[in-house]
Amino acid sequence: MNKTELLIGRSDLDLLDDFYPDDLPNEWRFDYYSTLFKALSLKIDTKEDLEQIFIELKESDEVFELVVYIEQTQLLEIPLLILLLQPIHQYRSQFNLFCELDEQPSNEVMKILSDYKLCFQSDKKLKFDLNTKLITNKYFYFTQFPILYTSNILDEKQIRNFLQDVSLVNTKIVLICKYAESETLNKIRIIAEILGF
């Protein structure tokens with residue numbers, strides 16, 4: 001059995017491929033989504049009701065990872081960062097804050113983020129006092145586990161190759177496929193099960 005625990009999800013709840021029943025109320029989408037997929041990324045300034053999602057996560061005993069995605073420009077502009085974090089600060093134990101970086105955040109930014117669960121993904125080697133892993137030619141800097149965020153649409157062969165690379169990490173990993181529809185997410189999940197995740 002593989003020692004890597006893989007949680008698969010996508011960015012936002014707007015699946016276009018008839019995933020949700022036609023009569024499903026909008027406010028029930030997260031509950032429906034989370035029964036099949038175990039990770040979700042939402043932008044920090046999402047239109048979704050984050051407070052309701054946090055309440056549902058707290059009441060659930062299911063394994064689920066919520067990733068709050070913040071743009072690099074939002075992260076590095078301190079007044080904006082403080083403003084964006086304010087409404088979700090009290091829920092910081094219930095999500096991972098994620099950012100794709102190509103430059104080093106200042107010490108002041110890192111101080112603001114000091115009590116958040118973090119993961120940064122970068123093509124560059126940066127200096128952080130965080131756990132570090134090189135996975136699929138990208139650097140991950142994190143407090144708890146790496147979050148692999150991809151906007152590539154993967155075919156079956158790419159999924160297999162990607163999962164075989166990831167299987168060597170031997171830790172919990174969240175895979176967020178930004179544009180994947182439910183069919184692709186299910187395919188990844190099935191292949192992951194075949195590979196022993």
Listed residues LEU175, LEU185, LEU154, LEU148; which is open to solvent by less than 50 Å² (accessible area, probe 1.4 Å), at pLDDT below 85 and closer than 24 Å to PHE19 by Cβ? LEU154
Restrict the check to segment 161-178 and report whether at least one residue is part of a helix (DSSP H, G or I) and charged (D, E, K, R). yes
Residues (crowded, with 18+ Cβ neighbours inside 10 Å and either over 18 Å from the mean Cα position of the chain (by Cα) or not in a loop (DSSP other than H, G, I, E, B) (or both)) located in segment 34-44: SER34, ALA39, LEU40, SER41, LEU42
Would you call PHE142 within 24 Å of SER11 (Cα to Cα) and crowded, with 16+ Cβ neighbours inside 10 Å? yes
Are any residues in segment 103-119 under 18 Å from TYR139 (Cα atoms) and either open to solvent by 70 Å² or more (accessible area, probe 1.4 Å) or among the basic types (Lys, Arg) (or both), and if so, which ones? GLU103, GLN104, LYS117
Report, by residue number, each residue of segment 45-76 that is open to solvent by 10 Å² or more (accessible area, probe 1.4 Å), within 26 Å of ARG189 (Cα to Cα) and among the aliphatic types (A, V, I, L, M). LEU50, LEU57, VAL63
Starting from segment 127-138, take each residue that is open to solvent by 80 Å² or more (accessible area, probe 1.4 Å) and list its partners that are part of a loop (DSSP other than H, G, I, E, B), counting only C-beta distances under 7 angstrom and pairs at least six apart or across chains. LYS127/GLN104
Kindly indicate the residue of segment 19-33 that is assigned to a helix (DSSP H, G or I) and open to solvent by 50 Å² or more (accessible area, probe 1.4 Å) and also nearest to GLU65 (Cα to Cα) among those meeting that condition. ASP31
Pull up segment 188-197, narrow it to residues that are surrounded by fewer than 19 Cβ atoms within 10 Å (Cβ to Cβ) and of a type in the set (Val, Ile, Thr), then point me to the one that is nearest to LEU36 (Cα to Cα). ILE190
Restricting segment 86-102 to residues that are in contact with a helix residue (DSSP H, G or I) (Cβ under 7 Å, 6 or more places away or on another chain) and in contact (Cβ under 8 Å) with a residue 40 or more places away in the chain, the residue that is most open to solvent (accessible area, probe 1.4 Å): GLU100
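The values are calculated or read from the model by the stated rules, or taken from the named source; none is laboratory data. This structure is a prediction, so every number in the text was calculated from the model and none was measured. Don't worry about glycine lacking a Cβ; one is built from the backbone with ideal geometry, like all the others, and counts go over all protein chains shown. Side chains included, ligands, DNA and RNA excluded: accessible areas come from the protein's heavy atoms. Shrake-Rupley method; radii C 1.70, N 1.55, O 1.52, S 1.80 Å.
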